[in-house]
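Working notes for the structure below.
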Amino acid sequence: MHALWNTSSPISILHEDLIYRILLESTNGGRASRLIAQCQAIVTAIRCSHVCRFWRKIMLSASKIWGRLIDVCFLLGRKTDEWLKEVVARAGKAPLWVYDYRFMGARDEQNGFIWSFLRENWSRVELLTFGGSERQDGMSLLEKQKVWAFLQEPAPHLRWIDLTLYDHDADKFLPSHLFSNNAPRLTDFCIMCTESDKFNLVSMADASWTSNLCAISISWEITTKEVLAALRRMPRLAHLGVSCSSDGPLAVDCREPQVLLPRLTRLQVSGYLSGVGAILQHITPSADCCLSVSLSESEDMELSELPDHGQLLYEQYEAAVAKYLLPYISQHPPSTVTFGLDRVVSFFGCFPSREHLGVSLYTPFLSSSSLLQQLNGSSCWSGVSDLRLNVYDGEESEYNRSALYFGPCLGIVPTLRALSSITTLSTCDNGLHVLLQEPSITATLFPALTVLKINFDLWAQEHPAELEEWPHHRFLRLRREIGRPLSIFKTSLSKESLVNEDLDLDYLEEHVGLIFEWQYRDQEPRRYVCGRGTLGRKLRSFAKRCQRWEE
């Protein structure tokens, strides 16, 4: 073993072709980097070229690598144009990857380079990522149409395109027929425009290249029917992101046939609950489809106030979500679950990289939630160790509304009872206040719980006059009284709370042996073992150090 360690080969003797492939692969990071400067492909390439002379020689002669480094933000950020000229020259006739993330660029104010470069080299572009708004300020509609005219030319090499625009008239200056119906290699299409209110998705879907798409993301005002009609022409989709808020908050009359997308593994939908529910109902994805939903508020109109069909809309939405969720979590059981209890349904999401499930639940219909009933009857909760419970009431200090507002939140109790493996509970005092309405029930929950985390700096606000004690203090005492004391209590402290002369946490000394862990900004957490009688002194000393750091 020792001999093998000493004779390990240096990377410099790798075959030249292998090193070339490594260097070429390093440019792929730019496709997802966006504004993260450390991940920009050109930055990575520069660092690789400094490894040794051999690597530098390979880099300098590889036009394909240079073609992937047309990072306009980086190149125009240099003091001179030498870098820009060098990269473009070394790219030769290779396919091009063009990035332009500028928002307030100090140079190229007239956008001379980016527009002329794309116009002259469009047939070679494989990737185009464009984001920004200020560059088109002051342009007339005719000028915008001219600079974007290259998009109506054939794009024989184009594989990925990602446009983010903030123009209210984008639907007028973008060509109505993209790529002259000629983009045979295009697989990823993303166009986001938050200011414009029109986009002819159906017209785009008629193009021959749409049948090859594997990923599409559209953030525009389009109707549910338009979305479904377009998706029928995209059978290869694996990733789909779509906004459909133009339907409005009321029910969507959508009697379209099912859209079969057997390869779909990632679906992101935003809009009003009615339109989102209709889209989810009409798509049949793979059993491994990861779903995330962002819901728009219905102009302050609560579901329970919608005439006749508010509960029906919610039931249809939950049924549609269950169609995706149950098969997915059977293959990817979560270890972390977030519940948001509110009078506005706002989100739903599976986060595969973190084994995290997040669900926003409508409080008035909580006790009859079919989604929760199905989840409680499955085995998906067995591996969940981290629960995040968020309860919203609009005004954080109104604890005295418990009978009217917090009461319905107790509909979550059967689900909490099913989460028997929870070791960490992250919540706010609102959430604990809900649970403590029925202390005898709360005492039976979370048998494995050891850590309580309060999600915000509660001491920065005034103590609610209607409460004798903070809910977290009552919860800690309840756990001790039932013989299941917690080990750690975590929270954060802000500058406002630390300088608060009324800050008094001596009540925590009652919980002897409890570890109180607090964090200030991004510093390492501090710990204190309760019962020693010195917490107040430690916090005052810490506050003084923080003040010196701020000076």
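The values are calculated or read from the model by the stated rules, or taken from the named source; none is laboratory data. The shown structure was predicted, so the numbers you read here are calculated from the model rather than taken from an experiment. For neighbour counting, all protein chains shown are included, and Cβ atoms are generated from backbone atoms with ideal geometry for every residue, glycine included.
Among the residues making up the stretch 520-551, those that are within 17 Å of Phe489 (Cα to Cα) and assigned to a helix (DSSP H, G or I) are Leu535, Gly536, Lys538, Leu539. Would you tally the residues in the stretch 352-365 being out of contact with any Cys (no Cβ under 7 Å at 6 or more places or on another chain), in contact (Cβ under 8 Å) with a residue 40 or more places away in the chain and surrounded by fewer than 21 Cβ atoms within 10 Å (Cβ to Cβ)? Residues that pass the stated criteria total 3.
Within the stretch 34-56, does at least one residue satisfy the condition of being under 25 Å from Glu153 (Cα atoms) and at pLDDT below 90? No; the residues of the stretch 34-56 include none that is under 25 Å from Glu153 (Cα atoms) and at pLDDT below 90.
For every residue, the table says whether it meets (1) within 32 Å of the chain's Cα centre (by Cα); (2) within 21 Å of Thr423 (Cβ to Cβ); (3) free of Cβ contacts under 8 Å to residues at least 24 places away in the same chain.
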| site | (1), (2), (3) |
| --- | --- |
| Gly483 | no, yes, yes |
| Lys490 | yes, yes, no |
| Leu493 | yes, no, no |
| Glu496 | yes, no, no |
| Asn500 | no, no, no |
| Leu505 | no, no, no |
| Glu509 | no, no, no |
| Ile515 | no, yes, no |
| Gln519 | yes, yes, no |
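All of Val359, Val337 fail the test of being more than 21 Å from Tyr272 (Cα to Cα) and not in a helix (DSSP H, G or I), apart from Val337.
To keep it simple, each residue is scored yes or no on (1) among the aliphatic types (A, V, I, L, M); (2) under 26 Å from Asn28 (Cα atoms); (3) at pLDDT below 95.
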{"residue": "Asn121", "(1), (2), (3)": "no, yes, no"}
{"residue": "Val125", "(1), (2), (3)": "yes, yes, no"}
{"residue": "Phe130", "(1), (2), (3)": "no, yes, yes"}
{"residue": "Ser133", "(1), (2), (3)": "no, yes, yes"}
{"residue": "Gln136", "(1), (2), (3)": "no, no, yes"}
{"residue": "Met139", "(1), (2), (3)": "yes, no, yes"}
{"residue": "Ala149", "(1), (2), (3)": "yes, no, yes"}
{"residue": "His157", "(1), (2), (3)": "no, yes, no"}
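Selection over the stretch 65-80 of residues that are farther than 13 Å from Leu127 by Cβ and either modelled with pLDDT of 90 or more or touching a Pro at 6+ places or on another chain (Cβ under 9 Å) (or both) gives a count of 2.
For Gly310, the conditions (1) at pLDDT below 85; (2) under 24 Å from Leu445 (Cβ atoms); (3) of a type in the set (Gly, Ala, Ser) are fulfilled apart from (2). Of all the numbered requirements in (1) of a type outside the set (S, T, N, Q); (2) over 18 Å from Ser26 (Cα atoms); (3) assigned to a helix (DSSP H, G or I); (4) at pLDDT below 85, Val88 misses one, and that requirement is (4). Just one residue in the set His463, His472 is at pLDDT below 95 and either surrounded by fewer than 14 Cβ atoms within 10 Å (Cβ to Cβ) or within 27 Å of Trp381 (Cα to Cα) (or both); that residue is His472. Scanning the stretch 172-182 finds no residues that are buried (at least 18 other Cβ atoms within 10 Å of the Cβ), part of a strand (DSSP E or B), at pLDDT 75 or above and touching a helix residue (DSSP H, G or I) at 6+ places or on another chain (Cβ under 7 Å). The number of residues in the stretch 198-246 being in a loop (DSSP other than H, G, I, E, B) and at pLDDT 90 or above comes to 9.
For the stretch 320-372, a residue qualifies if it is in contact with a helix residue (DSSP H, G or I) (Cβ under 7 Å, 6 or more places away or on another chain) and acidic (Asp, Glu), and exactly one does: Asp342. Of all residues in the stretch 483-523 being more than 13 Å from Leu452 (Cβ to Cβ) and of a type in the set (Lys, Arg), which is surrounded by the fewest Cβ atoms within 10 Å (Cβ to Cβ)? Only one residue fits best here, namely Arg521. Taking the listed residues Leu371, Leu375, Leu404, Leu389, the one that is farther than 25 Å from Asp506 by Cα, part of a strand (DSSP E or B) and at pLDDT below 95 is Leu389, with no other qualifying. The residues in the stretch 282-307 that are surrounded by fewer than 19 Cβ atoms within 10 Å (Cβ to Cβ), modelled with pLDDT under 90 and either of a type in the set (Val, Ile, Thr) or not in a loop (DSSP other than H, G, I, E, B) (or both) can be counted, and the count is 3.
For the stretch 427-456, the set of residues classified as of a type in the set (A, V, I, L, M, F, W, C), in contact with a strand residue (DSSP E or B) (Cβ under 7 Å, 6 or more places away or on another chain), more than 19 Å from Glu469 (Cβ to Cβ) and assigned to a loop (DSSP other than H, G, I, E, B) consists of Phe446, Leu449, listed by residue number.
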